[in-house]
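Q: Here's a structure for you.
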Amino acid sequence: MKVTVMSQENALKYSKIAKKDLIVVSIVGEKENPVVFDGDKVTDIFRMYFEDIERPYGLSKMPSREDFNGLKDFLDKNIDSVEEVVVHCYAGSSRSSACAVAIMRYLSEDDSFIWSSSDYVPNKLVLTHAIDELGVDLDESEIKALYDINDEAHMMCSEFVFDEER
């Protein structure tokens, strides 16, 4: 099963040209309208509404455990009838990558590309809620090790950019 992480803009474009059946996990801000996918290959959508934060910030809605209720049932219901799961948030780097990690672990897929890339910064609170909903066995020490790998990817990217500027 392919799990793809995308920005909202790319998910909308992709849904119009997709050649295989897919499901979408759509994550948008609390006050945003639901994303409307036009493609005929999108067979089902799981929608969540919260901001990309990990601790309280003003009146912004934090991800809560309740936001993920039903994600496991959604995947179980659809997984045998599609070839791909598209997970998107606005930028396609934080909320969506964290949710995609949990989905990939649930489906026994490899998530190393997320941790080793400077393109992704998985939201820790989203990851926590998603692995809880999906029953993924990932303890705190494993999570810390994954974030250490991700930090290293970001450091390497920063060093590369710095070296290029010389």
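The values are calculated or read from the model by the stated rules, or taken from the named source; none is laboratory data. Since the model is a prediction, treat every value here as computed from it, not as a measurement. Cβ: placed from backbone, ideal geometry, glycine included. Neighbour counts: every protein chain shown. The area values use the complete protein model at the heavy-atom level, side chains included, leaving out ligands, DNA and RNA. Shrake-Rupley method; radii C 1.70, N 1.55, O 1.52, S 1.80 Å.
Q: Could you grab me the full set of residues in the range 83-110 that are assigned to a loop (DSSP other than H, G, I, E, B) and surrounded by fewer than 19 Cβ atoms within 10 Å (Cβ to Cβ)?
A: First, pick out the residues of the range 83-110 that are assigned to a loop (DSSP other than H, G, I, E, B): 83, 90-94, 107-110.
Residues satisfying the conditions are Glu83, Tyr90, Ala91, Leu107, Ser108, Glu109, Asp110.
Q: Looking at (1) touching a His at 6+ places or on another chain (Cβ under 7 Å); (2) free of Cβ contacts under 8 Å to residues at least 24 places away in the same chain, which is the only condition Ile45 fails?
A: (1)
Q: Related question: Say we look at the range 135-161 and pick out the residues that are assigned to a loop (DSSP other than H, G, I, E, B) and open to solvent by 30 Å² or more (accessible area, probe 1.4 Å); which of these is modelled with the highest pLDDT?
A: Going through the qualifying residues, I end up with Gly135.
Q: Test Asp132 against the stated conditions and say whether it is touching a residue at least 60 places away in the same chain (Cβ under 8 Å), open to solvent by 70 Å² or more (accessible area, probe 1.4 Å) and not in a loop (DSSP other than H, G, I, E, B).
A: When the stated conditions are applied, Asp132 passes them.
Q: Go through the range 54-71 and give me each residue that's assigned to a helix (DSSP H, G or I) and surrounded by fewer than 17 Cβ atoms within 10 Å (Cβ to Cβ).
A: The first filter runs over the range 54-71 and keeps only residues assigned to a helix (DSSP H, G or I), leaving 65-68, 71.
Arg65, Glu66, listed by residue number.
Q: Something else about it: Filter the range 72-82 down to the residues that are within 26 Å of Asp139 (Cα to Cα) and aliphatic (A, V, I, L, M), then identify the one that is surrounded by the most Cβ atoms within 10 Å (Cβ to Cβ).
A: Leu75
Q: Let me ask you something else. For the range 24-44, how many residues are surrounded by fewer than 18 Cβ atoms within 10 Å (Cβ to Cβ), modelled with pLDDT of 95 or more and touching a Phe, Trp or Tyr at 6+ places or on another chain (Cβ under 8 Å)?
A: Here the count works out to 2.
Q: Still on this structure, please answer the following. Scan the range 66-83 and tell me whether some residue there is more than 30 Å from Met155 (Cα to Cα), without any contact (Cβ under 8 Å) to a residue 60 or more places away in the chain and touching a Lys or Arg at 6+ places or on another chain (Cβ under 7 Å).
A: Checked the range 66-83: no residue is more than 30 Å from Met155 (Cα to Cα), without any contact (Cβ under 8 Å) to a residue 60 or more places away in the chain and touching a Lys or Arg at 6+ places or on another chain (Cβ under 7 Å).
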